[in-house]
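Nothing in this text is a laboratory measurement; each read-out follows from the coordinates by a stated rule. On a predicted model such as this, the values are computed, not experimentally measured, just so you know. Using ideal geometry, Cβ is built from the backbone for each residue, glycine included, and neighbour counts are taken over all protein chains shown.
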Amino acid sequence: MSESSKASEHSEEKVIQPAAFMSRRKLGTLPPLGKIPQTDARVLAKIEIPVYVLDLENIRITWANRAGLDFMKLDSDTFNHQESLALPAPFSDPAHIRRLRNYLLANTEDEERTESVTVVIDGQPTNITCAVDEQPFTDGRLGLLVQVTSISNTDVSQLRIAQALLFTNSMISMYTESGELIYENPVSRLHRPKSAANLPDRFCNDRDYHAIREALQTRLQTNLVCLMKAGEGNRWHDVTARRGHDPVTGEQTILISAIDVTKRLEAEHEVRYLAHHDTLTGLPNRTYLEIAINRHLDEAELNDAQGAMLFVDLDRFKTINDTLGHLVGDDLLIQVAKRLEAIGKDLGFVARLGGDEFVLLLSNFPDHDLIEEVAEHMRQELSRPYVVGGHNLQITLSVGVALYPEHGRDLDTLMRKADLAMYRAKDLGRDRYCFFNTRMAEDAEERLRVENALRHAINNDEFELHYQPRLNAQNNHITGAESLLRWHHPSRGLISAGVFIEVAEETGLIDAIGEWVAENAMRQQKAWEEQGYPVTLSINLSPAQFKREPLPEILIDLANKLDITPSRVKFEITESLLLKETATTLHQLTQLRDAGFQLEIDDFGTGYSNLGYLQRYPVSALKIDRSFISDRKRWPIVQMITQMGRLLNLSIVAEGIETLEQLAQIRTVHCQEYQGFLYSPAVSADEFLHLLKQDRQQRRTARRL
C-alpha cells in the first residue's frame, strides 16, 4: 500500500460523497463467504460509491456492490461465479494488512478512519481514498468494510513517491514552523500517541526539541538520536530534521524522519557492557579499568590528589577449584566480588582482572594510615566464612598496594608495582598486605637478569658439579658424596645453586637444569665405578620437578641408558614435597623406590616433621639440617630425630659438621653418616677422586696395623 501525496496539477480527482448511514454504520453479521442479507444488499446496491467487504485472513473480496464491480471493471456474473475475488495491490500485501488490522484495533474511539491507497485496475494505477471500518464475520474473524470516497488519476512519479512513503519503516511527518502537525505517513500515525500530535510533544526531553530548532536556524538539516514518545512507550529514535516548504500553502515547514533504533541501541549497549564487564561477577574488567583509570589519574593530577591501587589475589584458590570443582569456585568468586564491590562503593571502584585477581582503586586518599585501614578492613571482610554449594569455606588474601603518584602515574606502572607488593605478601606467608617499595623493583629486575642469564647458561654449558664427601660417622671413611650444582657465571664467577635455584623453579628452567644434573652425576658415578671406586652419589630433586608426572620415567630411562646401578644413586627430596600429601607424589616416589633408587629427606626438621608421612612415603634416610648441628641449644632436637629414625629403621645423616666436638656429639646419638667442612667442602670431580685415593690408602694402612 502507498500513501498518496496531495493531488498535483497533473492529477484529476473525482470526489464521491458517501451515503450518510455508511460513514459509521456497521453491516449486519455476514455469512462465512461474506454474503450479506438481501435487504442490506438491495440498499447497498443503490449506493453510487464502490463498497467492498474484505476477508483480511484469506486476503479476498467477499462482497462488492454494483459501483464496486464497475470500478474494478467486473460483471456480476463473473464475481458470483468466483464467490470471492483476490484483493488488488496493495491490499494483497500481508504486511499492509497487518498494519491496517493493528491500526483498526488501536483506534477504539468513534472517529473516522481513512486510507489513501493506489490500486491497479486494468493496468492503470489509480489513487483512491477509502473510509474503512471493521466488519466481524460469523466465525469471529475480523473483516473490513471499505467505501471509496475519492478517485484520482495521478502521474506515475507521484504514485511511486506515495508508494515509498506508505511502505517505509521510517515515521515521516511534516509540521508548521510553530510545530503543528500538517501531515504524517501511516507508520507515524500508527506509532504516535494521540496526545503527541504536535512536534514539541513528540520529544521526552525538551532539550532535544530545542536542539533541533536551534540547529535548523543555521543549517538546512540536522540529525539527533533521542528519546521520543510512542504508542509502545518511550523509545529511542534516530531523528533527521530538515527545513522545507508546504507544497500546498508555500509556508515554511519542518520535515521529520524518525527511525526506531531502540533495539539497536540496546544491542550496542549489551555489546559495550560485555566488552567492559566480567561475565561471571558483573564487575568492570581490565578493559574498563584501562579506560576508567586514565580519567581518575587525570583528575588526580589536576586536583593534586593522591590515591592507591590495591591488587588482590586469593590465597590457594586453585585448591578450591581442584578439590570442590569450578562451579563452587565460580560461586565463591561471585560472593567475593559482591563483598569487594560493597567495600569499594564509596571509596573508588573495583575491577576483576581475571581468575582470582581483583583491583580496588582508591581515589583521593592522601592518608597512608587510612589506606592501611582500608586494606586491613578488606582483608578481614573477605576472610569471613562463605557458604558455597553446601560447603563452609574460609579464604585468605594477599594484597599489594601501590600509591599514586608516588609509585606511578599510569596503569601499567601501578599494576606492576602493586603486583610486586602482592607477591611480597605471599612470600611473607600470605594473608596480609604489603606496600610497594623500591627494593621490590630491584629484586624483580635482578630476578629477570638471573633468568635471562640462566637460559644462556643452559645453552652454553656453564654448569659444573661439585661433590661433598659423605663419611661413616664411626670410622671416618668416605661412603659416598652429594652432588652439588655450581654455575660459572660470566661476571660473578663460580656461584652455588642457592643463589639461582628459586628463579629456576619459578620460571620452569628447573626441569632442564635438573635433568642436566642427574645425567652428569650418573655419568660421573659410572666413571668412578669403572676406575674402581663404586661410591654412592646423592642427587637433589626440586619439588618443582615433581610437577612433571614423567619425572620417574626420565630418571629410570637415564639410568638404563648409562648402565647405572640404581642402588648407587640416592635422590634427596625436601619435607615440603611430602607435606603436599598428593597421590601423584606418592606414586612418583614409589616408582623410584621400586626401580632400586634410594630416597632421603634433606634438611629434615625444618618443616612440620611427623611420623605420619615418614611411614607413608618410601624413604630410607633422614638428613638433619645444619641449623640443628650448629646450635647447642637445639641438640635435643637432634636426639629426637635420631630416636625417630631408629624407630622407623631409617639411616641418619648429619649435615654441616665443622668441629671435632660436633662429630663427637653425633657419634653419641648414633648417626650413621655425616658431611661437612670438618672433612671437606664440596670439590671438583678431580679433587674428589684425589680424596677417594687418599681414603683408600688410609683404609689399607689401617688394615696393616
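Please work out whether segment 277-436 counts as rounded, prolate or oblate from its C-alpha gyration tensor, where a ≥ b ≥ c are the square roots of the eigenvalues and a/c under 1.5 means rounded, while otherwise a/b larger than b/c means prolate and anything else oblate? Walk me through the intermediate numbers first.
Values: a/c = 2.00, a/b = 1.64, b/c = 1.22.
In terms of gyration-tensor shape, prolate.
Between VAL225 and VAL271, how many nm apart are label points set 7 Å from Cα along the C-beta direction?
Placing both labels 7 Å beyond Cα along the Cβ direction yields 1.0 nm.
What is the gain in length, in nm to one decimal, between LEU647 and ARG696 on full extension, counting 0.36 nm per residue of separation less the C-alpha to C-alpha distance? Could the numbers behind the result be given before it?
Numbers: separation 49, 0.36 × 49 = 17.64 nm, distance 3.33 nm.
So the extension gain works out to 14.3 nm.
Quick one: if the Förster radius is 30 Å, what FRET efficiency do ARG113 and ARG264 give, using the C-beta to C-beta distance and rounding to 0.05? Provide the component values of the computation, followed by the final result.
Values: r = 32 Å, r/R0 = 1.05.
Efficiency, from the Cβ-Cβ distance: 0.40.
With point charges of +1 on the Cβ of Lys and Arg and -1 on the Cβ of Asp and Glu, referenced to the Cα centre of segment 351-396, which listed residue (PHE358, HIS368, GLY390) lies farthest in the positive direction of the dipole?
Final value for the positive-end residue is GLY390.
Return the whole-Å distance between the Cα centroid of segment 436-465 and the Cα centroid of segment 350-417.
Taking the Cα centre of segment 350-417 as reference, the centre of segment 436-465 is 29 Å away.
Taking a ≥ b ≥ c as the square roots of the Cα gyration tensor eigenvalues, with a/c under 1.5 meaning rounded and otherwise prolate when a/b beats b/c, else oblate, which class fits segment 449-697? Working shown, then result.
Details: a/c = 1.39, a/b = 1.17, b/c = 1.19.
Verdict is rounded for segment 449-697.
Quick one: putting +1 on the C-beta of Lys and Arg, -1 on the C-beta of Asp and Glu, what dipole do you get for segment 168-266 around its Cα centre, in Debye to the nearest 20? Before the final figure, lay out the partial values.
Numbers: 13 positive and 13 negative charges, 44 e Å.
Approximately 220 debye in magnitude.
Please report how many Lys pairs in segment 449-697 have alpha carbons closer than 27 angstrom, counting only residues at least 8 apart along the chain or sitting on separate chains.
Qualifying lysine pairs in segment 449-697: 15.
Once you charge only the Cβ atoms, +1 for Lys and Arg and -1 for Asp and Glu, what is the size of the charge dipole of segment 559-698 about its Cα centre, to the nearest 20 debye? Walk me through the numbers on the way to the answer.
On the way: 15 positive and 17 negative charges, 68 e Å.
Charge dipole of segment 559-698: 320 debye, to the nearest 20.
I need the GluC sites (Glu not before Pro) found in segment 588-687, filtered to DSSP loop residues with at most 16 other beta carbons within 10 Å of theirs.
Working: sites: GLU600, GLU655, GLU658, GLU661, GLU673, GLU687; in loops: GLU658.
Sparse-neighbourhood loop GluC sites (Glu not before Pro): GLU658.
What's the FRET efficiency of THR536 with ARG439 using the Cβ-Cβ distance as r and R₀ = 45 Å, to the nearest 0.05? Walk me through the numbers on the way to the answer.
Working: r = 43 Å, r/R0 = 0.96.
It comes to 0.55.
Report the chymotrypsin sites (Phe, Trp or Tyr not before Pro) located in segment 634-705 that are in a DSSP loop and have at most 13 other Cβ atoms inside 10 Å of their Cβ, or state none.
Values: sites: TYR674, PHE677, TYR679, PHE688; in loops: PHE677, TYR679.
Loop-located and lightly packed - PHE677.
Full extension from ARG492 to LYS547: what is 0.36 nm times the residue separation minus their Cα-Cα distance, to one decimal in nm?
Additional length available on full extension: 16.7 nm.
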